[in-house]
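Below: the structure, in structure tokens.
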Amino acid sequence: MLPTSPPLVAEEEPKQSDCDNELYAFVSASDDESSTSVYDASKAIDGDFSSVSRWQSSATNNEITLDMGREVQISALTVKWFRGSELRVYFDVEVSGNAQEWTPVITGGESSGKHSGFELHSFDTVNARYIKVRLNGSSTMAESGIVEIRAHRCAEATGEFADIFPNEVGIDLLDWYLSIPTDEDGNGRSDTISESELANGYTHSEFFYASEDNGIVMRSPSYGYKTSTNTNYVRVELREMLRRGDPDIRTQGVNKNNWVFGSASAQQQQDAGGVDGDLHVKMAVNKVTRTGENYQIGRLVIGQIHANDDEPIRLYYRKLPDNERGAIYFAHESRQTDTNGDNIETYVEMLGTRSNSAADPTDGIALNEVFTYRISVEMNLLTVTLSREGKADVVANYDMSNSLYDADGQYMYFKVGVYHLNNSSLPSEYAQATFYEIRNAHKGYAASE
């Protein structure tokens, strides 16, 4: 099952640096005839970033030769390795101007084993037309391959490829799993990256990677694979996991993976992983959409409390195209229903308004402006606090006593990221935010105390 629109279109939109436009296309690819007919060399340069379209050889040592059609100056390759976040691939790279005399540029190369997206491999600048990559096995002895390969003039290629991994920026990723809008396992839904994989250094160069200013970038296209058939929107989002990598604890339920309100029964509090909740996030929104349906333009959710089926809070950021600053507001969804049987939903505006024609909020938050939000629950009281350097805090409280979230069987978890609420923009548009601090805490939860 394919997504409505290619999920990686946004990846092709260039960033602003001297090297962004120095990407060389390959006109042909061939191998040493050891590849299978299904995974032939042409698959490594076909522009399809899904793992089913890859070059893979059945031999232990094998080569792929790539032709750029003319001699150019190159200093780097970016490679999307097959199973790149699971195994390290050992390789050599040689270059040539005539496909007869070859010069080594990488000897004894090794992939990180932590990238599901493109990984940067730089070398001293050379002039070449042909590039030969020789695979020398992998860390697990499994067959290795290349999903896609690209050549660049500049050694740094683009700003997407930082020297640090997301698990090195001071955020405890063992408390979270990640959803990204790819479908590597072919089940028709977005992929999930476990808390253990995140803690071990997982990164994805399109959707989830370390920024150059020591944060974690989450980037969501408008179109791609979704978490379920029940949602209309794409997301790159962390889901709180109090089990911290223990697969014997179920994801759902009132158990040690989730938390409950302090107003829940004593038994529910004993069974849960924590009681009440406090989420502290320091971040900046970098990019929002400018096209699409009027009510969807520039809109995303940056934080949530999710219950079994409903959402005690969705925290929104929204910036309209003609405004310099964005608004922040939240929605509370009660489990109580109206006369039509729909959940009662209340919106609380904190900075600016959520109007589709809102004027530029004078106290709003601009793109790339760093701010902090805090979502706290104590008993049935929800408190949201917005903080910015040099400005007074903005605080909103909401009484959830009648919302029925303290009933037996109701469990909670935080979500943080880019829940991209626009599925009508131009395919090239996307939403992006950088997260510098993510701290979650609960009473009775040992990892936060």
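Name the residue farthest towards the positive end of the dipole of the chain from the options 107, 432, 247, assuming +1 on Cβ of Lys and Arg, -1 on Cβ of Asp and Glu, about the Cα centre. Final value for the positive-end residue is 432.
How big is the dipole moment of segment 149-267 about its Cα centre under a simple scheme where the beta carbon of each Lys and Arg is +1, that of each Asp and Glu is -1, and everything else is neutral? Debye, nearest 20, please. Please list the in-between numbers first.
Details: 11 positive and 19 negative charges, 100 e Å.
For segment 149-267, the charge dipole is close to 480 debye.
Using the average count of surrounding beta-carbon atoms within 10 Å as a protection proxy, the listed peptides 339-347, 165-173 rank, highest first, as 165-173, 339-347. Relative contact order of the chain: 16 percent, from C-alpha pairs under 8 Å at least 6 residues apart in sequence. For residue 80, the lysines whose Cα falls under 30 Å of its own Cα, not counting residues fewer than eight places away in the same chain, are 15, 43, 114, 132, 226, 287, 415. Inter-part distance, segment 365-435 to segment 105-157, computed on C-alpha centroids, equals 40 Å.
Extents of segment 183-254, taken as max minus min of Cα coordinates on every principal axis and listed largest first, are 36, 31, 22 Å. Look at (i) 25.7; (ii) 22.5; (iii) 23.4: the one that is Kirkwood radius over Cα pairs in Å derived from this structure is (iii). For residue 213 and residue 385, the difference between the fully extended length at 0.36 nm per residue and the C-alpha to C-alpha distance is 59.5 nm.
Taken per residue, the accessible surface of the chain reaches 42 Å², heavy atoms only and a 1.4 Å probe.
Simple spin-label estimate for residue 48 and residue 363 gives 5.4 nm between the two label positions (7 Å along the Cα-to-Cβ direction from each Cα). Expressed as a whole percent, the accessible surface of the chain that belongs to carbon and sulfur atoms is 43, based on a 1.4 Å probe. Report the paramagnetic label zone for residue 101: residues of segment 68-86 whose backbone N is under 17 Å from a point 7 Å from Cα along the Cα-to-Cβ axis. Inside the label zone: 71-72. Among the GluC sites (Glu not before Pro) within segment 48-92, not one is in coil by DSSP while having at most 12 neighbouring Cβ atoms inside 10 Å.
The values are calculated or read from the model by the stated rules, or taken from the named source; none is laboratory data. Computed from a predicted structure; not experimentally measured. Counting neighbours? That spans all protein chains shown, and the Cβs are built from the backbone with ideal geometry, glycine included. Accessible surface areas use protein heavy atoms only, side chains included; no ligands, DNA or RNA. Shrake-Rupley method; radii C 1.70, N 1.55, O 1.52, S 1.80 Å.
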